[in-house]
Amino acid sequence: MRPILPRVRRLVAANPLAVDVVYAGLVTAVSLPLSHEHPTGAWGDTDGLGDVLVIGMSLPLVARRRAPVTVVATVLALWTVYVALNYWPVVGSYPALFALYTLAAFRPARTVAPWMAVGATIWVFAGLHTPGSSMVAVAAQGVCLPALVWRFGDATRKTTLRNRQLADLAERLRLEQEDRARRAVVDERVRIARELHDVVAHHISVISVHSGLARYVFDTDPDTARRALGTIRDTSAEVLDEMRRLLAVLRIGPDARPYDPAPGVARLGELADRLREAGMPVELVVTGEPRALTPGIDQCVYRIVQECLTNSLRHAMPAAATVALTYEPELLSLAVTDDGPPSGPEPGSGHGAGHGLVGMRERAVLYGGTLTAGPRPEGGFAVTVTLPLPRLG
């Protein structure tokens, strides 16, 4: 039964006119045979004119959704004529009550109230034409039945209105979700662009330094030149692999090639070794008990260190750098310093426009941390980062 009901509801919602035709036919099928019964009292038998009036009260229900006020007015007017011609009033009560219910279901109370009063008046009018009827009972029926019909119709109207509001809300939520999804795609593309900048800038700087070294000692020190070319080869392969890994995010599919995870704190030693080979001494100092970091914070630390060392290599040479990583119970502190010339551009300043420093600060803020940067009094530049960590245990 449960699977059938939703299909029936959808069918009804898709064909309202056909449903109203069925309703009008059912009311006619009930009222017309009832009019030919022999009522008690002084009511007359239904003749051809009575049949026309019964059909005339039922057929307008086909238009009950499109013109509920007109339908109610027509049905109540014909019911009044039906009663005035001494036909049994009960026959006309079915289409009248159904029309009043429809009006209550589609119109507000200020529109429904006058017509409910008209229906109650016709009911009392019918009681006055019934010899021996109890006017107290007639008046009670004339008030209670329309009020009950009004109650059910108003409940239907409010439920329909609430369902429409919920449907509108669901549609707005769907649109907002689509908008958030689009923004997430844009944010992810921006993140990938930033990652590519960090990766390419660092590796190209290393390649540039080693290519200059190889050219300088090519004739006088072939072994050193070969080692520099080997470093260029390894660095080129590494940057290509990282670029493929980042770009693979944009085309995930069944044939996507698996790549190594994004670099993190565990690969800071490799990063330092590469910079040492490029001619910049790098000291890596770890204080406290190392602990597992979330992937986001792990990569954030690596990229910030990479950006700082790359810019020191490009802008502060000759210089030596120190990377100090401190693990605390609820905090991870990072300090990257160099002793380059005070007049040189700031490490982390990117290509002279401060984009690298801005990008590093955005990375830190993304994970609830802070970043400060500035020249050191004794010379060089320092970048300090603090990132919150969940409490151990």
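Of the residues that make up region 162-185, is at least one modelled with pLDDT under 75 and either part of a helix (DSSP H, G or I) or in contact with a His (Cβ under 9 Å, 6 or more places away or on another chain) (or both)? Lay out the reasoning, then the answer.
The initial filter retains those residues of region 162-185 that are modelled with pLDDT under 75, namely 184-185.
The next check asks that each one be either part of a helix (DSSP H, G or I) or in contact with a His (Cβ under 9 Å, 6 or more places away or on another chain) (or both); those that pass are 184-185.
Yes - at least one qualifying residue is present in region 162-185.
Please enumerate the residues belonging to region 213-238 that are among the acidic types (Asp, Glu) and farther than 19 Å from residue 274 by Cα.
Those that are among the acidic types (Asp, Glu) and farther than 19 Å from residue 274 by Cα: 219, 221.
Which one is nearest to residue 156 (Cα to Cα) among residues in region 99-116 that are touching a Ser or Thr at 6+ places or on another chain (Cβ under 9 Å) and of a type outside the set (Ser, Thr, Tyr)?
Going through the qualifying residues, I end up with 105.
Please work out which residue is farthest from residue 129 (Cα to Cα), limiting yourself to region 45-93 and to residues that are assigned to a loop (DSSP other than H, G, I, E, B) and in contact (Cβ under 8 Å) with a residue 24 or more places away in the chain. Explain how you work it out, then say what you get.
Narrowing region 45-93 to residues assigned to a loop (DSSP other than H, G, I, E, B): 45-47, 64-67, 85-88.
In the following step, the residues that additionally are in contact (Cβ under 8 Å) with a residue 24 or more places away in the chain were identified as 46, 64-65, 85-88.
Details: 46: 16, 64: 29, 65: 33, 85: 10, 86: 8, 87: 10, 88: 10 Å.
Per the criteria, the residue is 65.
Hey, can you tell me all the residues within region 209-233 that are at pLDDT 75 or above, of a type outside the set (A, V, I, L, M) and surrounded by 14 or more Cβ atoms within 10 Å (Cβ to Cβ)?
Matches in region 209-233: 211, 218, 221, 224, 227, 231.
Looking at 113, 105, 67, 96 in this structure, which one is under 23 Å from residue 19 (Cβ atoms) and out of contact with any helix residue (DSSP H, G or I) (no Cβ under 7 Å at 6 or more places or on another chain)? Explain how you work it out, then say what you get.
Numbers: 113 fails: under 23 Å from residue 19 (Cβ atoms); 105 fails: out of contact with any helix residue (DSSP H, G or I) (no Cβ under 7 Å at 6 or more places or on another chain); 96 fails: out of contact with any helix residue (DSSP H, G or I) (no Cβ under 7 Å at 6 or more places or on another chain).
Of the residues listed, the single one that is under 23 Å from residue 19 (Cβ atoms) and out of contact with any helix residue (DSSP H, G or I) (no Cβ under 7 Å at 6 or more places or on another chain) is 67.
Pick from 52, 21: which is over 22 Å from residue 103 (Cα atoms), aliphatic (A, V, I, L, M) and at pLDDT 75 or above?
Working: 21 fails: over 22 Å from residue 103 (Cα atoms).
Within the list 52, 21, the selection yields 52.
Counting only residues that are within 36 Å of the chain's Cα centre (by Cα) and either modelled with pLDDT of 90 or more or crowded, with 18+ Cβ neighbours inside 10 Å (or both), how many does region 307-332 have? Outline the logic, then answer.
Our first condition is that a residue be within 36 Å of the chain's Cα centre (by Cα); within region 307-332, this holds for 307, 330-332.
This time we only want the ones that are either modelled with pLDDT of 90 or more or crowded, with 18+ Cβ neighbours inside 10 Å (or both), so: 307, 331-332.
Looking only at that region, the number is 3.
Which condition number does residue 326 fail, the rest of (1) in a helix (DSSP H, G or I); (2) closer than 20 Å to residue 370 by Cα being met?
Result: residue 326 passes all but (1).
Yes/no matrix, rows are residues, columns are (1) closer than 30 Å to residue 223 by Cα; (2) surrounded by 22 or more Cβ atoms within 10 Å (Cβ to Cβ); (3) modelled with pLDDT of 75 or more; (4) not aliphatic (A, V, I, L, M):
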position	(1), (2), (3), (4)
271	yes, no, yes, no
284	yes, no, yes, no
291	no, no, yes, yes
295	no, no, yes, yes
337	no, yes, yes, yes
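When residue 149 is evaluated against the numbered criteria (1) surrounded by 21 or more Cβ atoms within 10 Å (Cβ to Cβ); (2) over 53 Å from the mean Cα position of the chain (by Cα), which criterion, by number, is the only one it fails?
(2)
Evaluate region 126-145: report whether one residue or more is surrounded by 17 or more Cβ atoms within 10 Å (Cβ to Cβ), in contact (Cβ under 8 Å) with a residue 40 or more places away in the chain and under 55 Å from the mean Cα position of the chain (by Cα).
yes
The values are calculated or read from the model by the stated rules, or taken from the named source; none is laboratory data. The structure presented is a predicted model; accordingly, all values stated were derived computationally and were not measured. Methodologically, a virtual Cβ is constructed for each residue, glycine included, from the backbone with ideal geometry; neighbour enumeration extends over all protein chains shown.
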